[in-house]
Amino acid sequence: MQFDDVVLGRRSIRGYKPDPVPKALIEEVLALAMRSPSSMNTQPWNFTIVSGEPLNLIRAGNTERNLAGVPHSREFRIGEAFAGQHRDRQVGVAKQLFAAMDIAREDKEKRQDWVLRGFRQFDAPVCVIITYDAVLAGSDDTAFDCGAVTTALVNAAWSRGLGAVINSQGIMQSPVVREHAQIADDQVIMKAVALGWPDEVFPANAVVSVRKSVDEAASFLGFDD
């Protein structure tokens with residue numbers, strides 16, 4: 001694929017075929033992603049790639065704890081609830097997804113099932129858990145660098161025919177993830193990426209989120225035109 005085709009064509013994939021993803025292909029995707037720039041070349045990121053029984057145990061643990069009402073234990077700051085234009089964008093993409101999946105506002109069962117899909121890593125055959133070195137936890141550059149490598153990861157995956165969705169649901173129950181993914185104590189769990197072959201008939205996979213324009217996001221100074 002051409003670069004523009006990857007960036008403009010990529011979508012967040014929330015429905016997957018059960019087919020396994022070869023380890024060699026994942027290694028290829030990671031090698032491309034890790035060409036991302038980082039502050040002072042610190043490269044703070046690490047990856048734990050989970051599939052099979054360990055992933056099933058994480059799915060089960062996440063689901064059980066969330067249904068039991070156990071509070072989340074994410075290891076990164078989540079800030080205050082979104083408001084204003086940020087809340088509008090959050091609600092906007094949710095409406096797109098619910099419309100695609102035919103989930104009515106009053107249908108509590110379907111809405112609950114949708115939420116639980118996230119805790120199950122959208123039933124993807126692979127989960128990539130992004131962590132960073134805990135000694136760098138005090139630096140905002142670290143989170144910025146992890147965001148850069150994760151963006152590169154999902155784009156590299158798309159260029160190889162794989163789908164992905166960056167998410168927090170899969171790592172909301174930190175003790176579950178640490179136990180079954182064997183995350184070392186010197187790592188902070190940052191994000192998860194569900195990864196696999198896209199199920200092209202899964203309705204939500206056709207959703208393309210609305211993006212603000214360059215005019216809204218950018219200011220140009222010192223240009224002639």
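Tally the residues that are assigned to a helix (DSSP H, G or I) and hydroxyl-bearing (Ser, Thr, Tyr), restricting the search to segment 105-159.
The total comes to 4.
How many of the residues making up segment 169-190 are open to solvent by 60 Å² or more (accessible area, probe 1.4 Å) and of a type outside the set (S, T, N, Q)?
4
Those residues that are β-branched (Val, Ile, Thr), surrounded by 13 or more Cβ atoms within 10 Å (Cβ to Cβ) and in a helix (DSSP H, G or I), I need them from segment 68-96; list them, please.
Just the residues of segment 68-96 that are β-branched (Val, Ile, Thr), to begin with: 70, 78, 91, 93.
Pick out the ones that are also surrounded by 13 or more Cβ atoms within 10 Å (Cβ to Cβ) and you get 70, 93.
Residue satisfying the conditions is VAL93 alone.
Please work out which residue is surrounded by the most Cβ atoms within 10 Å (Cβ to Cβ), limiting yourself to segment 1-19 and to residues that are over 19 Å from the mean Cα position of the chain (by Cα) and of a type outside the set (Phe, Trp, Tyr). If you could, list the steps in order and put the result at the bottom.
Narrowing segment 1-19 to residues over 19 Å from the mean Cα position of the chain (by Cα): 1-5, 19.
In the following step, the residues that additionally are of a type outside the set (Phe, Trp, Tyr) were identified as 1-2, 4-5, 19.
Values: MET1: 13, GLN2: 9, ASP4: 8, ASP5: 11, ASP19: 10.
Only one residue fits best here, namely MET1.
Considering (1) charged (D, E, K, R); (2) at negative phi; (3) not in a helix (DSSP H, G or I), say which one ASP102 fails and leave the rest.
Unmet for ASP102, out of (1) charged (D, E, K, R); (2) at negative phi; (3) not in a helix (DSSP H, G or I): (2).
Would you check if ILE129 is within 20 Å of GLY15 (Cα to Cα), modelled with pLDDT under 95 and open to solvent by less than 10 Å² (accessible area, probe 1.4 Å)?
Working: within 20 Å of GLY15 (Cα to Cα): yes; modelled with pLDDT under 95: no; open to solvent by less than 10 Å² (accessible area, probe 1.4 Å): yes.
So ILE129 does not fit the description; no.
Can you name the residue in segment 191-225 that is open to solvent by less than 100 Å² (accessible area, probe 1.4 Å) and among the hydroxyl-bearing types (Ser, Thr, Tyr) and is also nearest to ASN155 (Cα to Cα) among such residues?
SER209
The values are calculated or read from the model by the stated rules, or taken from the named source; none is laboratory data. Note that this is a predicted model, so its numbers are computed, not measured. As a convention, Cβ positions derive from the backbone with ideal geometry for all residues, glycine included, and neighbour counts pool all protein chains shown. Only protein heavy atoms, including side chains, enter the accessible area calculation; ligands, DNA and RNA are left aside. Shrake-Rupley method; radii C 1.70, N 1.55, O 1.52, S 1.80 Å.
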